[in-house]
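In what follows, a single structure is set out as structure tokens and then discussed.
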Amino acid sequence: MTLNPDLLIQFSRTHRLQWEEAQQKNVILYPEGMVELNASSAEILKLCDGTRTLAQIVSDLEEKFATQGLFNDINTFLEVALQNGWIHQN
Amino acid sequence: MAGYTKTNITPPRWLLAELTYSCPLQCPYCSNPIDYAKHSSEISTDDWKRVLTQARKMGAVQLGFSGGEPLTRKDLSELVKHARDLGYYSNLITSGYGLTEEKIIELKEAGLDHIQVSIQASSQELNDHIAGTASFEHKKQVAHLVKKHGYPMVLCVVIHRENIHQMADILAMAEDLGADYLELANTQYYGWAHTNRDLLLPTKEHFEEAEKIAQAFKETVAGKMKIYYVVPDFHEDRPKACMNGWGTTFLTIAPDGVALPCHSARDLPNLDCPNVNDYSISEIWNDSKAFNFFRGDDWMQEPCRSCDEKEKDFGGCRCQAYLLSGDMYATDPVCSKSPNHHVIDEAIASARSAALAENEKPLIFRNSKNSKLLS
């Protein structure tokens, strides 16, 4: 299973992404488990709303943070997210 | 408990709400206390709402509605809604018995995130025998409905000597039912399972065979189904890191409002476990004797005290140490370094001879009559 650059990326319907006030971080919640996210991972996942491809997520974040060269980091993280079932592509 | 400092206290992350000890099933390995029939009072809807609110404020985020059978509480949907409003991820841990499609929809609308359905075996005959109730077909139906309504579905099968030979069929059943997660929960020998241990504890050969089958299967379903494996600690040489450390992560509230650092802790002597009717969750978590009792490692004896693995397993399980050695401060006898480790070997040998005996004694089922007889 690898990311298809042509397809839209959607956050999983059976996981929940949420800000935790007590921990001051975003987390992914799923049956009986939780993953704590760092700030950049959370920024990436928030854009996985089914309206963007990988390239669009990269360009949106490069624009938001006024920077370049994020492709490799974002691609690597989203591959992990896909393997873990946090995101999917249809 | 001497020497703990409050700065070491981490907030609860997991709240297990044991709503009731009532259950239509009679599983002989039930984790409820043997004397549950003595604790039949249940706290009110408002009490539960207050507990949920206070624990959430401290940082609890995973919430298990459990029991007994939580579906027997009429206010379940109301509590689920309250939990969702607070931002919990709520897990319903159910036998599935009595769960209708209407209820599944109602709970979804209330904001329930996940349903874990337990099945006792891969065949109707054995499932219904172990559950003490004809429930197999209904449970399978419930599993389908849980999927149909978009919940992630965890199928939980408690593994013991009566069903371990069905491992291949259990795995196939989980795949057939479309489980997203399969929890293969090797029986933990507390409460009712402790009472029935001679009849439930599999041999090492059984475990190894079953584990091999499960491992091979795991690879074939990678990406489709995740498998949680609760280790059979009697056949390990190091203890489990019970509760991720006492009073670090888990908070259990029993049906009568007693707060417990783990769901078996009510069997430990002189802990004076506090009740939510008398204290707030914050007072219970931070200040109570029970929750501070085994925090840190000052309570440890040798060989734990000087062991370089004490940070990893926290000396194992306090309830198991007490149950098997009579000393709740002792190293969990599962550990091969424990001076009491022989009790584990004896338990395994005793179970093996019970398995080979011509007239196996019957299982003691978990019901109110037996609870009263045994306590």
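Annotations for the structure displayed:
- Per the Debye formula on identical point scatterers at the alpha carbon atoms of segment B:329-375, with no solvent, log10 I(q)/I(0) at q = 0.17, 0.22, 0.28 Å⁻¹ is -0.76, -0.82, -0.88.
- The mean sequence distance of close C-alpha pairs (under 8 Å, at least 6 residues apart), as a share of the length of chain B, puts its relative contact order at 22 percent.
- Orientation-averaged projected area, Cα convex hull of segment B:2-154 (nm²): 10.8
- Close amide-amide hydrogen proximity is noted between B:Asn186 and B:Ile159, B:Val230, each under 5 Å apart and 5 or more residues distant or on a separate chain (H modeled in the peptide plane; Pro and chain starts excluded).
- Anisotropy class of segment B:185-227 from Cα gyration tensor, a/c 1.5 cut: oblate
- Taken over segment B:105-206, the alpha-carbon convex hull comes to 112 cubic angstrom per residue.
- Think of each Lys and Arg Cβ as +1 and each Asp and Glu Cβ as -1; about the Cα centre, that makes the dipole of segment B:184-338 roughly 380 debye.
- Just so you know, the Cα atoms of chain B work out to an Rg and Dmax of 20.3, 58 Å.
- Couplings 3J(HN,Hα) of segment B:24-39, computed from phi: x, 9, 9, 3, x, 10, 3, 7, 5, x, 4, 8, 4, 4, 6, 10 Hz, in residue order, whole Hz [Karplus 6.51 cos²θ - 1.76 cosθ + 1.60, θ = phi - 60°; x for Gly and Pro].
- Fraction of alpha-carbon pairs over 24 Å apart in chain A - percent: 16
- Derived scalar couplings between HN and Hα for segment B:307-315 equal 7, 7, 9, 5, 6, 8, 10, 6, x Hz in order, rounded to whole Hz, by the Karplus curve 6.51 cos²θ - 1.76 cosθ + 1.60 (θ = phi - 60°), x for Gly and Pro.
- For segment B:186-243 versus segment A:16-46, the inter-centroid distance based on Cα atoms is 30 Å.
- Listed cross-link partners B:Lys212/B:Lys310; B:Lys38/B:Lys337; B:Lys140/B:Lys224; B:Lys49/B:Lys289; B:Lys108/B:Lys240 are compared with a 26 Å cut-off, the Cα-Cα value being larger for B:Lys212/B:Lys310; B:Lys38/B:Lys337; B:Lys108/B:Lys240.
- The rule of thumb for compact globular proteins, 2.2 N^0.38 Å, goes into the C-alpha radius of gyration of the protein assembly as shown 1.01 times.
- Hz values of 3J(HN,Hα) by residue in segment B:239-253 - Karplus curve (6.51, -1.76, 1.60), Gly and Pro given as x: x, 6, 7, 4, 6, 6, x, 4, x, 9, 9, 9, 10, 10, 10
- Centroid-to-centroid, using Cα positions, segment B:21-71 and segment B:76-134 are 14 Å apart.
- For the protein assembly as shown, size of Cβ-based charge dipole, Lys and Arg +1, Asp and Glu -1, in debye: 660
Read-outs: derived from the displayed coordinates by stated rules, not from any lab. Please read these numbers as outputs of a predicted model, since none were measured by experiment. Here Cβ is always computed from backbone atoms with ideal geometry, including for glycine, and neighbour counts include all displayed protein chains.
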